[in-house]
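Pasting a structure below so you can have a look.
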Amino acid sequence: MAKFSFNKLVNSISKLISDEQVIEKPRKDPQQAAHEIEIQNAILILAAEVIRCNRNYTSSTEDFIVQFFEKQFGGQGARQRISSITGHLDMGTEPLLKIACKELKMLTTHDSRLSITEFLFGVADADDFVNPKEIRCLNRIATYLGISDKDFKELKQSYIRENNPYKILGIEEEATLEEVKAAYRKMVLKFHPDKRAAHISTEEANTKFLQVQRAFGLIKEQRK
C-alpha cells in the first residue's frame, strides 16, 4: 500500500495546474479517496485533543486549521470538514487518540507525520502561545506517531517565541505557581516606572512593565 505524502500531493497538484494537456483532474481511485478521508479525520482528532488542553478554540485557531486543510487536501469544503472539531471538543478525544495515531502511521510517510506534528504545534500556538500542558499533549501525540525526541525538541524550539510569557518572566515553563508569582513581583519591581534603575529608560520601563503584566495574566489564565 502506497503511503500518503503531503509533498507528493502538492507536487502532483502543481503538475496538474501547469500541464496544458490536462483538461480534467483525474479521479482518485476509491481506496485512495477513502484513505485520504481517514487521514483527514485522524488529523482532526489530534487537533481537537490539542485544543482541549485549554478549551480555547478561537477564530484564529480555526482559520489556521482551514488553511492547512486547504493547502494539503484542497479548498473545497474545508470549513465543513473541520466542523467535526466542535463535536470532538464536546465528547472528548482520548479514546480515539491512539487509534488516530495508529492510522496515520499506517497511511502516511514519516515526513508527513513530521508535518502533522508541526501543524499541531501551530494549532497550539494560534491562540497566543504554546503552554506547558499543550507541550505535554504534543509530546504524547508525537510519541504515538513515531516522532523521535530529537525531532520533537527541534519543533518545540521553533515555537518558543520572544513573547512567551515564561520567557518574559525569566522562568521555566515547569515553574510552580508560587515561583511564577515570585518572578512576577521581582520583574514588577525591576520595571516599575517609579522604581526602575537609572540605566533603564522610561519608555523601556513602561514597555517591559506592560509585558510583565500581560505575561502574568496569560499564565494565570492558562493554569485555571
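Considering only the range 158-172, state which residues are modelled with pLDDT under 85, surrounded by fewer than 17 Cβ atoms within 10 Å (Cβ to Cβ) and farther than 19 Å from S112 by Cα. If you could, list the steps in order and put the result at the bottom.
Keep residues of the range 158-172 that are modelled with pLDDT under 85, which gives 158-164.
Keeping just the survivors that are surrounded by fewer than 17 Cβ atoms within 10 Å (Cβ to Cβ) gives 158, 160-163.
Across the range 158-172, the qualifying residues are I160, R161, E162, N163.
Still on this structure, I have one more. Taking the range 72-126 on its own, how many of its residues are over 14 Å from A42 (Cβ atoms), buried (at least 18 other Cβ atoms within 10 Å of the Cβ) and touching a strand residue (DSSP E or B) at 6+ places or on another chain (Cβ under 8 Å)?
Counting residues in the range 72-126 that are over 14 Å from A42 (Cβ atoms), buried (at least 18 other Cβ atoms within 10 Å of the Cβ) and touching a strand residue (DSSP E or B) at 6+ places or on another chain (Cβ under 8 Å) gives 0.
Tell me whether the range 95-103 contains one or more residues that are among the charged types (D, E, K, R), free of Cβ contacts under 8 Å to residues at least 60 places away in the same chain and under 19 Å from L138 (Cβ atoms).
The first filter runs over the range 95-103 and keeps only residues among the charged types (D, E, K, R), leaving 98, 102-103.
In the following step, the residues that additionally are free of Cβ contacts under 8 Å to residues at least 60 places away in the same chain were identified as 98, 102.
Now restrict to residues that are under 19 Å from L138 (Cβ atoms): 98, 102.
Yes, the conditions are met somewhere in the range 95-103.
Table: residues versus (1) within 26 Å of F4 (Cβ to Cβ); (2) among the β-branched types (V, I, T).
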| position | (1), (2) |
| --- | --- |
| V66 | yes, yes |
| G74 | yes, no |
| L107 | yes, no |
| D127 | no, no |
| R140 | yes, no |
| S158 | yes, no |
| E172 | no, no |
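Scan the range 190-205 for residues that are under 18 Å from P165 (Cβ atoms) and open to solvent by less than 100 Å² (accessible area, probe 1.4 Å) and report the count.
Of all residues in the range 190-205, those under 18 Å from P165 (Cβ atoms) come to 190-191.
Filter once more, keeping what is open to solvent by less than 100 Å² (accessible area, probe 1.4 Å): 191.
Selection size over the range 190-205: 1.
So, in the range 136-157, how many residues would count as being open to solvent by 20 Å² or more (accessible area, probe 1.4 Å) and either of a type in the set (A, V, I, L, M) or in contact with a strand residue (DSSP E or B) (Cβ under 6 Å, 6 or more places away or on another chain) (or both)? First the steps, then the outcome.
So the first thing to find is which residues in the range 136-157 are open to solvent by 20 Å² or more (accessible area, probe 1.4 Å), and the list is 136, 139-140, 143-144, 146, 148-151, 153-157.
If we keep only those that are either of a type in the set (A, V, I, L, M) or in contact with a strand residue (DSSP E or B) (Cβ under 6 Å, 6 or more places away or on another chain) (or both) as well, we get 155.
Number satisfying all stated conditions: 1.
Can you name the residue in the range 182-224 that is touching a residue at least 12 places away in the same chain (Cβ under 8 Å) and either in a loop (DSSP other than H, G, I, E, B) or of a type in the set (G, A, S) (or both) and is also nearest to G170 (Cα to Cα) among such residues?
A183
Take residues that are touching a Cys at 6+ places or on another chain (Cβ under 8 Å) and over 15 Å from I37 (Cα atoms) and tell me which of the helices (runs of 4 or more DSSP H) falling wholly in the range 58-167 contain 1 or more. Even if it seems obvious, please write down each step before you answer.
Details: elements: 59-73, 78-81, 84-91, 94-107, 110-126, 132-144, 149-158.
Here the list reads 110-126, 132-144.
Does any residue of the range 141-151 turn out to be modelled with pLDDT under 95 and either under 12 Å from the mean Cα position of the chain (by Cα) or of a type in the set (G, A, S) (or both)?
No: zero hits.
Next up: Looking at the range 38-53, which of the residues that are touching an Asp or Glu at 6+ places or on another chain (Cβ under 7 Å) and more than 13 Å from R81 (Cα to Cα) is surrounded by the fewest Cβ atoms within 10 Å (Cβ to Cβ)?
Going through the qualifying residues, I end up with C53.
The values are calculated or read from the model by the stated rules, or taken from the named source; none is laboratory data. Values in this document were obtained by computation on a predicted structure and should not be read as measured data. When we count neighbours, we look across all protein chains shown, and the Cβ atoms used for this are built from the backbone with ideal geometry, even at glycine. Keep in mind that these areas ignore ligands, DNA and RNA; they rest on the heavy atoms of the full protein, side chains included. Shrake-Rupley method; radii C 1.70, N 1.55, O 1.52, S 1.80 Å.
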